[in-house]
Amino acid sequence: MPPKTCTFDCVYCQLGKTVNKVSKPEDVRIPVAAKKVVADLRRALKNDPSKSIDYVTFSGFGEPTLNLQLGDMVDQVKSLVSSKPVAVLTNASLVHRKDVRANLAQCLAVDYKRGCKSNSPHHVPVWFFL
Ligand code: SF4
């Protein structure tokens, strides 16, 4: 696993402490490549055909919108599992950026967790179905 990279460091995070706390995608030194994600999914589908998949969800190991290849990954994943919806779990800290919004627009649903920044364990997930 790569070190956890996020714009926040929530006390309740299931991934533990944020190792790389950054404020923008350009601060991520080595983002995961789209081709690696797609290759991993392709390998997984060989062993478990997509009939057993309900959703493909991007959560990353931290904040997935920090990777500006996210839109490309979503496009390629959709071509692999065309009949399945694709979603992204995000803390929405970067949705002010046009490029991030464009990447998220490729998905069926975006889970925007309000309250992450306040470290509230009672954050309110809000699903946007696009
Ligand atoms: S925003 Fe999400 S991934 Fe980032 S620290 Fe908070 S709970 Fe963890």
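Structure values in brief
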| read-out | value |
| --- | --- |
| Condition met for VAL11 (touching a residue at least 12 places away in the same chain (Cβ under 8 Å) and either assigned to a strand (DSSP E or B) or within 16 Å of the ligand (Cβ to nearest atom) (or both)) | yes |
| Qualifying residue in the stretch 35-51 (condition: part of a loop (DSSP other than H, G, I, E, B), over 19 Å from LEU89 (Cβ atoms) and away from the ligand (no atom under 16 Å from the Cβ)) | yes |
| Members of the stretch 22-41 that are of a type in the set (Asp, Glu) and surrounded by fewer than 11 Cβ atoms within 10 Å (Cβ to Cβ) | GLU26 |
| Test: PRO85 is surrounded by fewer than 16 Cβ atoms within 10 Å (Cβ to Cβ) and in contact with a Leu (Cβ under 8 Å, 6 or more places away or on another chain) | yes |
| The stretch 52-77, residues that are at pLDDT below 90 and away from the ligand (no atom under 16 Å from the Cβ) | SER52, ILE53, ASP54, TYR55, VAL56 |
| Among the residues listed as VAL81, VAL77, VAL19, the single one being within 14 Å of ASN103 (Cα to Cα) and either in contact (Cβ under 8 Å) with a residue 24 or more places away in the chain or in contact with a strand residue (DSSP E or B) (Cβ under 9 Å, 6 or more places away or on another chain) (or both) | VAL77 |
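The values are calculated or read from the model by the stated rules, or taken from the named source; none is laboratory data. Keep in mind it's a predicted model, so treat the numbers as computed, not measured. Cβ atoms come from the backbone with ideal geometry, glycine included; neighbour counts cover every protein chain shown.
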